[in-house]
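A.B. asks: Quick one: this structure, given as structure tokens, is what I'll be asking you about.
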Amino acid sequence: MREFGETIFAEMSALAVRTGSINLGQGFPDSGPAQGVLDAAIEAIRSGANQYPPGPGLPELREAVAAQRLERYGLSYDPATEVFVTVGATEGIASAVLALVEPGDEVLVFEPYYDSYAAVIALAGAVRRPVTLRPVEGRFTFDPDELRAAVGPRTRAILVNSPHNPAGTVFTRAELETIAAVCREHDLVAITDEVYEYLTFDDAEHIPLATLDGMRERTVSISSAGKSFSVTGWKTGWVTAPAPYVRAVQTVKQFLTFTVSAPYQRAVAYALANEAQWVEELRKSLQAKRDRLVTGLEAAGFVAYRPQGTYFVQVDIRPLGFTDGIELARALPEKAGVVAIPTQVFYDNAETGAHFVRFAFCKKDEVIDEAVERLARLR
Ligand code: PMP
Ligand code: GLN
């Protein structure tokens, strides 16, 4: 694991604290969750949900997840055998990769990729095969031929993150059809990361890969409460998949953490069942914040890629005369009192990603305004 060192999120958040900068790096909201969700967690602790819950998760949360997948996407999962709870999406992704991928197997990832993907593929002794997302008319997408060319005899799985962090892309049905066709043709397992499933903007719609023809039986779908309910510190996520996959993934998960914090499971079950309207308000407010930040970044001189979902705007730093995002991100606190994430670290093809930096907009309006005012002084 030597090459992995400290994650970029830890490095940049520490830099923000050390320099007193505005932290538009690590993606976490600066306003709280719904009051009902907080009350549900406190009530869970008070009423005694303080010992080990069952390994696969509390039945009430597995039922709430199954109900959400059914109502929202028409996907039916048996809460007893096809749903289980993980320590955030991170543990779901790690358990899925460790369970389903053998040493020497290859895993396809769209780069820039979320950093934990590279690490868990390495932990599994497997090899990642990046397929690059590139801007086409202002939106990051992949070339279907490049995706097909990345598949080889050892390819076992594909990791699909939509809405995509950090590119901001929400894959269209046509893009997902291309991915699904590759999975069916080469008998691949799809592992989907849907943590931003509610956070889509304008007319973008989150379509789970498992809803496409022939995909439910080969897809391990992962999501979590962190982003949907503004509780990133609760680290409560879930996996839905056909029972044999769930058994395999659960076998790994039980030896990583065995189970997941009981009170948060109760509170998240409550949130999934009761807070859809609150989440819709959050989505609308994030869309306005996205526009606020994009406008400010453009005024500061960056080329900003308006995301279709997530918390993040990816920018091209070259119009301001910078070429290396890592260098800029390390200097930005001193230059402007702002922290960002150099997305270069999420690329294998470092030169492709060298000039991109990511800013988060899951922040109060006044924080975004102050940050863009500071960034405007970069020129
Ligand atoms: N995947 C992506 C794309 C993310 O941005 C994050 C951060 N929320 C995670 C996974 C991790 O989610 P969790 O905090 O639920 O482990
Ligand atoms: N998912 C969040 C981001 O992309 C935070 C990740 C983390 O701290 N590991 O910024």
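A.B. asks: Residues to consider are Pro112, Pro163, Pro135, Pro130; find the one that is touching a residue at least 24 places away in the same chain (Cβ under 8 Å), open to solvent by 10 Å² or more (accessible area, probe 1.4 Å) and under 24 Å from Gln287 (Cα atoms).
C.D. replies: Pro135
A.B. asks: Of all residues being of a type in the set (Val, Ile, Thr) and within 16 Å of ligand 2 (Cβ to nearest atom) in the stretch 299-325, which is farthest from Ala354 (Cα to Cα)? Just the residue, please. Walk me through how you get there before you give the answer.
C.D. replies: Restricting attention to the stretch 299-325, the residues satisfying the condition of being of a type in the set (Val, Ile, Thr) are 303, 310, 313, 315, 317, 323.
From the residues that got through so far, the ones that are within 16 Å of ligand 2 (Cβ to nearest atom) too are 310, 313, 315.
Working: Thr310: 21, Val313: 16, Val315: 11 Å.
If we take residues in the stretch 299-325 being of a type in the set (Val, Ile, Thr) and within 16 Å of ligand 2 (Cβ to nearest atom), then Thr310 is farthest from Ala354 (Cα to Cα).
A.B. asks: Any idea which of (1) more than 16 Å from ligand 2 (Cβ to nearest atom); (2) over 18 Å from Val195 (Cβ atoms) is the one Tyr73 doesn't satisfy?
C.D. replies: For Tyr73, the failing item is (2).
A.B. asks: Quick test for you: out of Ala89, Ala94, Ala124, pick the one residue that is small (Gly, Ala, Ser), modelled with pLDDT of 95 or more and either away from ligand 1 (no atom under 12 Å from the Cβ) or open to solvent by 40 Å² or more (accessible area, probe 1.4 Å) (or both).
C.D. replies: On the way: Ala89 fails: either away from ligand 1 (no atom under 12 Å from the Cβ) or open to solvent by 40 Å² or more (accessible area, probe 1.4 Å) (or both); Ala94 fails: either away from ligand 1 (no atom under 12 Å from the Cβ) or open to solvent by 40 Å² or more (accessible area, probe 1.4 Å) (or both).
Selected residue: Ala124, the only one of Ala89, Ala94, Ala124 that is small (Gly, Ala, Ser), modelled with pLDDT of 95 or more and either away from ligand 1 (no atom under 12 Å from the Cβ) or open to solvent by 40 Å² or more (accessible area, probe 1.4 Å) (or both).
A.B. asks: Those residues that are open to solvent by 50 Å² or more (accessible area, probe 1.4 Å) and either in contact with a Leu (Cβ under 8 Å, 6 or more places away or on another chain) or farther than 24 Å from Pro29 by Cα (or both), I need them from the stretch 235-244; list them, please.
C.D. replies: Our first condition is that a residue be open to solvent by 50 Å² or more (accessible area, probe 1.4 Å); within the stretch 235-244, this holds for 235, 244.
Passing the criteria: only Pro244.
A.B. asks: Give Gln344, Gln287 a once-over and let me know the one that is within 21 Å of Pro112 (Cα to Cα) and either part of a helix (DSSP H, G or I) or modelled with pLDDT of 95 or more (or both).
C.D. replies: Numbers: Gln287 fails: within 21 Å of Pro112 (Cα to Cα).
After applying the criteria, what remains is Gln344.
A.B. asks: Taking the conditions exactly as written (of a type outside the set (A, V, I, L, M), farther than 17 Å from Ala269 by Cα, open to solvent by 40 Å² or more (accessible area, probe 1.4 Å) and away from ligand 1 (no atom under 16 Å from the Cβ)), does Gln51 satisfy them or not?
C.D. replies: Numbers: of a type outside the set (A, V, I, L, M): yes; farther than 17 Å from Ala269 by Cα: yes; open to solvent by 40 Å² or more (accessible area, probe 1.4 Å): yes; away from ligand 1 (no atom under 16 Å from the Cβ): yes.
So Gln51 passes the test.
A.B. asks: Right, something else. Residue under question is Ala329, and the condition is that it be within 14 Å of ligand 2 (Cβ to nearest atom), in a helix (DSSP H, G or I) and closer than 18 Å to Phe28 by Cβ; does it hold? Please lay out each step first, then the result.
C.D. replies: Numbers: within 14 Å of ligand 2 (Cβ to nearest atom): yes; in a helix (DSSP H, G or I): yes; closer than 18 Å to Phe28 by Cβ: yes.
So Ala329 passes the test.
A.B. asks: Part of a helix (DSSP H, G or I) and within 16 Å of ligand 2 (Cβ to nearest atom), is that true of Glu91? Write out each step before concluding.
C.D. replies: On the way: part of a helix (DSSP H, G or I): yes; within 16 Å of ligand 2 (Cβ to nearest atom): yes.
The answer is yes for Glu91.
A.B. asks: Go through Thr251, Thr257, Thr232 for me and flag whichever is within 16 Å of ligand 2 (Cβ to nearest atom) and open to solvent by 40 Å² or more (accessible area, probe 1.4 Å).
C.D. replies: Thr232
A.B. asks: While we're here: Just give me the residues in the stretch 6-21 being of a type outside the set (A, V, I, L, M) and within 14 Å of ligand 2 (Cβ to nearest atom), in sequence order.
C.D. replies: Filtering the stretch 6-21 down to residues of a type outside the set (A, V, I, L, M) leaves 6-7, 9, 11, 13, 18-21.
Of everything in the stretch 6-21, those that are of a type outside the set (A, V, I, L, M) and within 14 Å of ligand 2 (Cβ to nearest atom) turn out to be Glu6, Thr7, Phe9, Glu11, Ser13.
The values are calculated or read from the model by the stated rules, or taken from the named source; none is laboratory data. Remember, it's a predicted structure, so these values are computed and weren't measured experimentally. Please note: Cβ atoms are built from the backbone with ideal geometry, for glycine as well, and neighbour counts cover all protein chains shown. The accessibility values were calculated without ligands, DNA or RNA, using every heavy atom of the protein model including side chains. Shrake-Rupley method; radii C 1.70, N 1.55, O 1.52, S 1.80 Å.
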